[in-house]
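Q: Let me give you the structure first, and then I'll get to my questions.
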Amino acid sequence: MDIKLTPITKEHQKEIIDIFNYYVENSFAAYPENKLPYEFFEKFLQMCAGYPAIVAQDENKNILGFGMLRAYHSLATFAQTAEITYFVKPEWTGRGIGKVMLDYLMREGKRKGLTSILASISSLNEGSVNFHGKNGFVECGRFKNIGRKNGKVFDVVYMQKTL
């Protein structure tokens, strides 16, 4: 399958929020307990301003997922570090789309001058922890029992990749 990556635009609002809300309602991959309104898309755009942010599309321009880098911290002291976020439609996971987005975001982040990318992952999201580990991220920190969603307590695992 040919995957095309294009910059996120306001036209992608509905599809991106729908993908994100699937993970809100059905997993620990997204931290909110309740679905986000479509207006939250503006917050996504603000968070990733100045950083690579893309949608993955098939040959028919159907959106299969989205990914973005965002500032780790607002102080210039940390300007060389970004956090990564990406989600793939559940029916398209396991087909290499996440890897294509990750590789692109790392490459573009490096071109932007980043030296480190962080991933914040729920300890109950073992698939994401494994995916990042297979792609060169290492666990660099763990905040124990700080998350609570749907009555379950979880750790937040920080994984890091040096570019």
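The values are calculated or read from the model by the stated rules, or taken from the named source; none is laboratory data. None of the values given here were measured: they were computed from a predicted structure. Note that each Cβ is placed from the backbone with ideal geometry, even for glycine, and that neighbours are counted across all protein chains shown.
Q: List the number of the failed condition for Met106; all other conditions in (1) under 18 Å from His12 (Cβ atoms); (2) out of contact with any helix residue (DSSP H, G or I) (no Cβ under 6 Å at 6 or more places or on another chain); (3) aliphatic (A, V, I, L, M) hold.
A: Evaluating Met106 over (1) under 18 Å from His12 (Cβ atoms); (2) out of contact with any helix residue (DSSP H, G or I) (no Cβ under 6 Å at 6 or more places or on another chain); (3) aliphatic (A, V, I, L, M) leaves (1) as the failure.
Q: Show me the strands (runs of 3 or more DSSP E) found entirely inside the stretch 1-89 where at least 2 residues are closer than 21 Å to Gly127 by Cα and not small (Gly, Ala, Ser).
A: Strands (runs of 3 or more DSSP E) meeting the threshold: 63-71, 81-88.
Q: Being under 15 Å from the mean Cα position of the chain (by Cα) and under 24 Å from Thr162 (Cβ atoms) narrows it down to one residue among Ala76, Ala71, Ala56, Ala30; which is it? If you could, list the steps in order and put the result at the bottom.
A: Details: Ala76 fails: under 15 Å from the mean Cα position of the chain (by Cα); Ala56 fails: under 24 Å from Thr162 (Cβ atoms); Ala30 fails: under 24 Å from Thr162 (Cβ atoms).
Of the residues listed, the single one that is under 15 Å from the mean Cα position of the chain (by Cα) and under 24 Å from Thr162 (Cβ atoms) is Ala71.
Q: Report, ordered by the first and then the second residue, all pairs with beta carbons closer than 6 Å, sequence separation of six or more or different chains, a first member in the stretch 1-19 that is more than 14 Å from Ala53 (Cα to Cα), and a second member that is of a type in the set (Asp, Glu) and outside any helix (DSSP H, G or I).
A: Note: pairs meeting the criteria are Asp2/Glu59.
Q: Between residues in the stretch 116-138 that are farther than 17 Å from Leu105 by Cα and in contact (Cβ under 8 Å) with a residue 12 or more places away in the chain and residues that are buried (at least 18 other Cβ atoms within 10 Å of the Cβ) and charged (D, E, K, R), which pairs lie under 8 Å by C-beta distance while being six or more apart or on different chains?
A: Val138/Lys161
Q: Of all residues in the stretch 106-115 being assigned to a helix (DSSP H, G or I) and touching a residue at least 24 places away in the same chain (Cβ under 8 Å), which is surrounded by the fewest Cβ atoms within 10 Å (Cβ to Cβ)?
A: Lys110
Q: Considering the stretch 116-163 alone, what residues qualify as being aromatic (Phe, Trp, Tyr) and part of a loop (DSSP other than H, G, I, E, B)?
A: Listed by number, the list holds a single entry, Phe137.
Q: Being surrounded by 17 or more Cβ atoms within 10 Å (Cβ to Cβ), closer than 23 Å to Asn130 by Cβ, modelled with pLDDT of 95 or more and not acidic (Asp, Glu) narrows it down to one residue among Ala82, Ala53; which is it?
A: Just one listed residue meets the conditions, Ala82.
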